[in-house]
1. Is at least one residue of segment 34-47 open to solvent by less than 30 Å² (accessible area, probe 1.4 Å), under 23 Å from residue 2 (Cβ atoms) and without any contact (Cβ under 8 Å) to a residue 40 or more places away in the chain?
2. Tell me which helices (runs of 4 or more DSSP H) are completely within segment 67-164 and hold 3 or more residues being within 30 Å of residue 225 (Cα to Cα), or say none if there are none.
3. Specify which of the listed residues (77, 64, 56) is hydroxyl-bearing (Ser, Thr, Tyr), modelled with pLDDT of 95 or more and open to solvent by less than 40 Å² (accessible area, probe 1.4 Å).
4. For segment 161-191, name all the residues that are among the small types (Gly, Ala, Ser) and either surrounded by fewer than 20 Cβ atoms within 10 Å (Cβ to Cβ) or closer than 18 Å to residue 103 by Cα (or both).
5. State whether the residues of segment 76-87 include one that is within 20 Å of residue 22 (Cβ to Cβ), out of contact with any Pro (no Cβ under 8 Å at 6 or more places or on another chain) and not hydrophobic (A, V, I, L, M, F, W, C).
6. Within the set of pairs 6+ apart or on separate chains, which have a first residue in segment 152-176 that is more than 16 Å from residue 317 (Cβ to Cβ), a second that is open to solvent by 10 Å² or more (accessible area, probe 1.4 Å) and among the acidic types (Asp, Glu), and C-beta atoms under 8 Å apart?
7. Among the residues of segment 11-18, is there at least one that is at pLDDT 95 or above, open to solvent by less than 10 Å² (accessible area, probe 1.4 Å) and in a helix (DSSP H, G or I)?
8. Across segment 103-134, what is the total count of residues that are farther than 14 Å from residue 2 by Cβ, open to solvent by 40 Å² or more (accessible area, probe 1.4 Å) and modelled with pLDDT of 95 or more?
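The values are calculated or read from the model by the stated rules, or taken from the named source; none is laboratory data. Just so it is clear, the structure is predicted and the values come from calculations on it, not from any experiment. All Cβ positions, glycine included, derive from the backbone under ideal geometry; neighbour counts span all protein chains shown. Protein only, heavy atoms only, side chains kept; ligands, DNA and RNA dropped before computing areas. Shrake-Rupley method; radii C 1.70, N 1.55, O 1.52, S 1.80 Å.
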Amino acid sequence: MIKKKKIAIVVPAYNEEKLIEHVIKTMPSFVDLTIVVDDKSRDRTVAKALASAAESKKKLKIISHNINQGVGAAIVSGYRQALALKYDVVVVMAGDAQMDPGELKDIIKPIVNDEADYVKGNRLIYGQAWRMIPKVRYLGNSVLSFLTKIASGYWHVADSQTGYAAISRKTLEKIPLGNLYKRYGFPNDLLVHLNLVNARLKEVPIKPIYHPDGQSGIRLWKVIPTLSWLLARRFFWRLKRKYIIEDFHPLIFFYFFAILLAIFNLYLIVRLLVIWTQTNHIPPINALALMFSLVMSSQLLFFAMWFDMDYNKDLRVK
């Protein structure tokens, strides 16, 4: 416990027999329960976790999936167990030992002190992040983090992909867990849901860790298009829920006309390209129309983003 708050750690694990022992053994003493969710591993992940818990005298609960459902589904199973057992703070730590348990107090503290409802790590602001994180992953993370800002309304979130995060029980109870994305895009989808319940969010700097024994099944060329589509759908869902159904805000009109003009811009560009290929000349009036439309759509888009940022500014915890 910390300040009479019961702490549970959810560890989603899939084929982590090489590192799961280290994760269990290094769990801080103030952690009341570690919940390992085995997502149908094909190795000895469960046996290694049980042996490590027995050796280090850590309180452990194992949840086993009958089929592989994805990291998001594993986290949801852990969340549900923690809620059923009425833990006050629930933290996610991966089974690949890429999250430093020494930073756990920094993740938990804002929630224990009722300063934030959700706290997540940020690897990108760590001083040596560019050198420590594989370059392709760093750039892919940056792209997804930018798209997540727009989709979620948490414009201050810089590292959307880290799973090292803590959430309060009262906030977790508000989230429709069955509606969350089941695979790698889980942290991004959760941020959208958190925004809809007006959860206060804080980022804390954490050190990037990559073990030679760890292995990642993430393929950015596949993940980025998949998550981009997920975030696009969640973006419109959030706008509808937050700014039309639950409340009304004029930024809806700004986004609507910005998108409408963007489609019109594409039409104008195609039309001008056809004219240029046929006549080797672009009429000045057509070029001016395109320029005017581009400026207008950009202004509408930036104003819509600014309205969204201003509306959600109180959800940022510094």
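1. yes
2. On the way: elements: 71-84, 104-112, 129-132, 135-152.
Answer list for segment 67-164: 71-84, 129-132, 135-152.
3. Working: 64 fails: open to solvent by less than 40 Å² (accessible area, probe 1.4 Å); 56 fails: modelled with pLDDT of 95 or more.
On inspection, the qualifying residue turns out to be 77.
4. Of the residues in segment 161-191, the ones among the small types (Gly, Ala, Ser) are 163, 165-166, 168, 178, 185.
Listed by number, the residues that qualify are 163, 165, 166, 168, 178.
5. In the first step, residues of segment 76-87 are kept if they are within 20 Å of residue 22 (Cβ to Cβ); the result is 78.
Checking which are out of contact with any Pro (no Cβ under 8 Å at 6 or more places or on another chain) leaves us with none.
Among the residues of segment 76-87, not one is within 20 Å of residue 22 (Cβ to Cβ), out of contact with any Pro (no Cβ under 8 Å at 6 or more places or on another chain) and not hydrophobic (A, V, I, L, M, F, W, C), which makes the answer no.
6. Pairs that qualify, where the first residue is more than 16 Å from residue 317 (Cβ to Cβ) and the partner is open to solvent by 10 Å² or more (accessible area, probe 1.4 Å) and among the acidic types (Asp, Glu), are 164/103; 169/88.
7. no
8. So the count comes out to 0.
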